[in-house]
Amino acid sequence: QVIKCKAAVMWEANKPFSIEDVEVAPPKAHEVRIKIVATGICRSDDHVVTGGLVMPFPIILGHEAAGVVESVGQGVTSIKPGDKVIPLFVPQCGECKTCLSTKGNLCSRNDLDSGAGLMPDGTTRFTCKGKAIHHFLGTSTFTEYTVVHETAVAKIDSAAPLEKVCLIGCGFSTGYGAAVQTAKVEPGSTCAIFGLGGVGLSVVMGCKAAGASRIIAVDINSNKFAKAKELGATDCVNPKDFKKPIQEVLIEMTGHGVDYSFEVIGRTETMAAALACCQYNYGVSVIVGVPPAAQKITFDPLLLFTGRTWKGSVFGGWKSKDSVPKLVADYMKKKFVLDPLITHTLPFTKINEGFDLLRTGK
């Protein structure tokens, strides 16, 4: 059956979300229809609104969520109606070159590269006012019901609180994994984190969990510092307090630069600064924030010639289908906290207010 429900539709760029009645088609073979219980707001969704991340309109955004399976398509055996699940914006098909490699996690069936905004079969499951509506990263969670491919959903512990573990669908896993999985931060090391939103704070938690001895949190909004300290930051630095470039400040603070730096904003200037602030020979700098479309980066190649490593991290380097249930289990065992990352809880109809809070750094 087609389900009629409410969804936040983005008809065109730089406009507010419009709460609309949409039709959600039944799942086709190897697809799963999910009732979304809780969804987080992520800067990557806002990048689509502002054009920093190019996707086709109209579209239903949202990619960080948790819900309950409503129905499954033909051939789905691993998941049944009633299961608690987290949709995965990085799928895990288990068959492509990346999935078969131990070195990577960005399954070739992802929609981040192509930005087609469609299901793997090239069609959509959403209709509104007679128009086809695009999907976002194979997830589309700003809707009461969504359809995802079975490679893009993880079954989780039935006792997990969905309004908390939805963060494991993106923000927490992305930041925490960038530290423990991508950078492989070691005990006693020094780290710098640029950007203290939910993902940046999760990087702080990852660095702490990995045993870093010094964790320097960098943000132009000093209101973020108390929470960063609560989660493990040892120093907090506001670039606005200094006349000189932030990389020079960090090199002076540490004597030789940090062992690991993380850019969790998505700005080319801070990416260059994060690279420059890490130790000149063995420092590692990780790009975690989604880079803006059509912008190029210019840097002195000597920065890399001396030995630094520059790398990117999508979804914290986790193989999604394998790792998400384990991360939820770790949360249930209290191996990490999620509550401090949740600043506001709003009804779905107030999604535009939620984005206003995001844009004002609240």
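The values are calculated or read from the model by the stated rules, or taken from the named source; none is laboratory data. Because the structure is a prediction, the values reported are computed rather than measured. Neighbour counts are summed over all protein chains in view; Cβ atoms, including those assigned to glycine, are modelled from backbone coordinates with ideal geometry. To get the accessible areas, we keep the full protein, side chains included, count just its heavy atoms, and leave off ligands, DNA and RNA. Shrake-Rupley method; radii C 1.70, N 1.55, O 1.52, S 1.80 Å.
Could you tell me whether region 260-273 includes any residue that is modelled with pLDDT of 95 or more, aliphatic (A, V, I, L, M), more than 22 Å from Val185 (Cα to Cα) and outside the structural domain of Phe89 (by the TED database)?
Among the residues of region 260-273, not one is modelled with pLDDT of 95 or more, aliphatic (A, V, I, L, M), more than 22 Å from Val185 (Cα to Cα) and outside the structural domain of Phe89 (by the TED database), which makes the answer no.
Do any residues in region 33-47 that are within 14 Å of Glu163 (Cβ to Cβ) have Cβ atoms under 6 Å from those of residues that are open to solvent by less than 20 Å² (accessible area, probe 1.4 Å) and assigned to a loop (DSSP other than H, G, I, E, B), where the two are at least six apart or on different chains, and which pairs are they?
Ile36/Thr141; Thr39/Gly62; Thr39/Thr141; Gly40/Glu64
So which pairs qualify, if the first residue must be in region 335-362 and on the phi > 0 side of the Ramachandran plot, the second must be of a type outside the set (Phe, Trp, Tyr) and not in a helix (DSSP H, G or I), the Cβ gap must be under 6 Å, and the two must be at least 6 apart or on different chains?
Gly361/Asn221
Does any residue in region 245-259 that is closer than 13 Å to Val218 by Cα come within less than 6 Å, Cβ to Cβ, of a residue that is assigned to a helix (DSSP H, G or I) six or more places away or on a different chain, and which pairs are these?
The qualifying pairs are Ile246/Pro239; Ile246/Ala273; Gln247/Ala273; Gln247/Ala276.
Out of all the residues in region 295-327, which are touching a Phe, Trp or Tyr at 6+ places or on another chain (Cβ under 7 Å), of a type in the set (Gly, Ala, Ser) and not in a loop (DSSP other than H, G, I, E, B)?
Scanning region 295-327 gives a single hit, Gly316.
Residue pairs, Cβ under 8 Å, 6 or more apart or interchain, first in region 1-15 and of a type outside the set (A, V, I, L, M), second assigned to a loop (DSSP other than H, G, I, E, B). List them.
That search, which allows pairs on different chains as well, returns Gln1/Pro26; Cys5/Glu144; Lys6/Glu144; Trp11/Phe57; Trp11/Pro58; Glu12/Phe57; Glu12/Pro58; Asn14/Gly51.
Could you please let me know if Val32 is β-branched (Val, Ile, Thr), closer than 12 Å to Tyr145 by Cα, in the same structural domain as Ala116 (by the TED database) and open to solvent by less than 10 Å² (accessible area, probe 1.4 Å)?
On the way: β-branched (Val, Ile, Thr): yes; closer than 12 Å to Tyr145 by Cα: yes; in the same structural domain as Ala116 (by the TED database): yes; open to solvent by less than 10 Å² (accessible area, probe 1.4 Å): yes.
When the stated conditions are applied, Val32 passes them.
Taking the stated definitions as given, is Gly62 out of contact with any helix residue (DSSP H, G or I) (no Cβ under 9 Å at 6 or more places or on another chain) and assigned to a loop (DSSP other than H, G, I, E, B)? Before you say what the answer is, go through the steps one by one.
Numbers: out of contact with any helix residue (DSSP H, G or I) (no Cβ under 9 Å at 6 or more places or on another chain): no; assigned to a loop (DSSP other than H, G, I, E, B): yes.
In short, no.
Please verify whether region 231-249 includes one or more residues that are assigned by the TED database to the domain that holds Phe299, of a type in the set (Val, Ile, Thr), crowded, with 17+ Cβ neighbours inside 10 Å and farther than 30 Å from Leu338 by Cβ.
Taking region 231-249 as the starting set, the residues that turn out to be assigned by the TED database to the domain that holds Phe299 are 231-249.
Within this subset, residues satisfying the condition of being of a type in the set (Val, Ile, Thr) are 234, 237, 246, 249.
The next check asks that each one be crowded, with 17+ Cβ neighbours inside 10 Å; those that pass are 234, 237, 246, 249.
Now restrict to residues that are farther than 30 Å from Leu338 by Cβ: 249.
Yes, there is a match, as at least one residue in region 231-249 is assigned by the TED database to the domain that holds Phe299, of a type in the set (Val, Ile, Thr), crowded, with 17+ Cβ neighbours inside 10 Å and farther than 30 Å from Leu338 by Cβ.
Scan region 266-289 residue by residue and report those that are out of contact with any strand residue (DSSP E or B) (no Cβ under 6 Å at 6 or more places or on another chain) and either open to solvent by 60 Å² or more (accessible area, probe 1.4 Å) or among the hydroxyl-bearing types (Ser, Thr, Tyr) (or both).
Of all residues in region 266-289, those out of contact with any strand residue (DSSP E or B) (no Cβ under 6 Å at 6 or more places or on another chain) come to 266-269, 272-273, 276, 279-283.
If the condition is that a residue be out of contact with any strand residue (DSSP E or B) (no Cβ under 6 Å at 6 or more places or on another chain) and either open to solvent by 60 Å² or more (accessible area, probe 1.4 Å) or among the hydroxyl-bearing types (Ser, Thr, Tyr) (or both), then Arg267, Thr268, Glu269, Tyr280, Asn281, Tyr282 are the ones that fit.
Tell me whether region 342-352 contains one or more residues that are farther than 25 Å from Glu230 by Cβ, polar (S, T, N, Q) and not in a loop (DSSP other than H, G, I, E, B). Spell out the reasoning first.
Going through region 342-352, the residues farther than 25 Å from Glu230 by Cβ turn out to be 347-352.
Imposing the further condition that a residue be polar (S, T, N, Q) reduces the set to 349, 352.
Next, from what is left, pick out any that are not in a loop (DSSP other than H, G, I, E, B): 349, 352.
Taking every residue of region 342-352 in turn, at least one turns out to be farther than 25 Å from Glu230 by Cβ, polar (S, T, N, Q) and not in a loop (DSSP other than H, G, I, E, B).
If you take the residues of region 175-190 that are open to solvent by less than 10 Å² (accessible area, probe 1.4 Å) and within 24 Å of Ile342 (Cβ to Cβ), which of them is farthest from the chain's Cα centre (by Cα)?
Ala179
When Val9 is evaluated against the numbered criteria (1) touching a strand residue (DSSP E or B) at 6+ places or on another chain (Cβ under 9 Å); (2) in a loop (DSSP other than H, G, I, E, B); (3) open to solvent by less than 10 Å² (accessible area, probe 1.4 Å), which criterion, by number, is the only one it fails?
If we test Val9 against (1) touching a strand residue (DSSP E or B) at 6+ places or on another chain (Cβ under 9 Å); (2) in a loop (DSSP other than H, G, I, E, B); (3) open to solvent by less than 10 Å² (accessible area, probe 1.4 Å), just (2) comes out false.
Being of a type in the set (S, T, N, Q), part of a loop (DSSP other than H, G, I, E, B) and either open to solvent by 20 Å² or more (accessible area, probe 1.4 Å) or outside the structural domain of Pro91 (by the TED database) (or both) is the filter here, so list the residues in region 111-144 that pass it.
First, pick out the residues of region 111-144 that are of a type in the set (S, T, N, Q): 114, 123-124, 127, 139-141, 143.
Filter once more, keeping what is part of a loop (DSSP other than H, G, I, E, B): 114, 123-124, 139-141.
Listed by number, the residues that qualify are Ser114, Thr123, Thr124.
Among the residues of region 191-241, count how many are assigned to a helix (DSSP H, G or I), over 17 Å from Leu327 (Cβ atoms) and small (Gly, Ala, Ser).
The qualifying residues number 4.
Among the numbered criteria (1) closer than 23 Å to Ile342 by Cβ; (2) in contact with a strand residue (DSSP E or B) (Cβ under 9 Å, 6 or more places away or on another chain), which single criterion is violated by Phe126?
Single failed check for Phe126: (1).
Going by the structure shown, is Ser78 surrounded by 22 or more Cβ atoms within 10 Å (Cβ to Cβ), closer than 29 Å to Leu338 by Cα, among the polar types (S, T, N, Q) and touching a residue at least 40 places away in the same chain (Cβ under 8 Å)? Give the derivation first.
Numbers: surrounded by 22 or more Cβ atoms within 10 Å (Cβ to Cβ): no; closer than 29 Å to Leu338 by Cα: yes; among the polar types (S, T, N, Q): yes; touching a residue at least 40 places away in the same chain (Cβ under 8 Å): yes.
Judged against the criteria, Ser78 is not a match.
Return the only residue of Val68, Val90, Val49 being touching a Lys or Arg at 6+ places or on another chain (Cβ under 9 Å), farther than 30 Å from Lys296 by Cα and not small (Gly, Ala, Ser). I'd like the intermediate steps shown before the answer.
On the way: Val90 fails: farther than 30 Å from Lys296 by Cα; Val49 fails: farther than 30 Å from Lys296 by Cα.
Testing whether each residue is touching a Lys or Arg at 6+ places or on another chain (Cβ under 9 Å), farther than 30 Å from Lys296 by Cα and not small (Gly, Ala, Ser) leaves just Val68.
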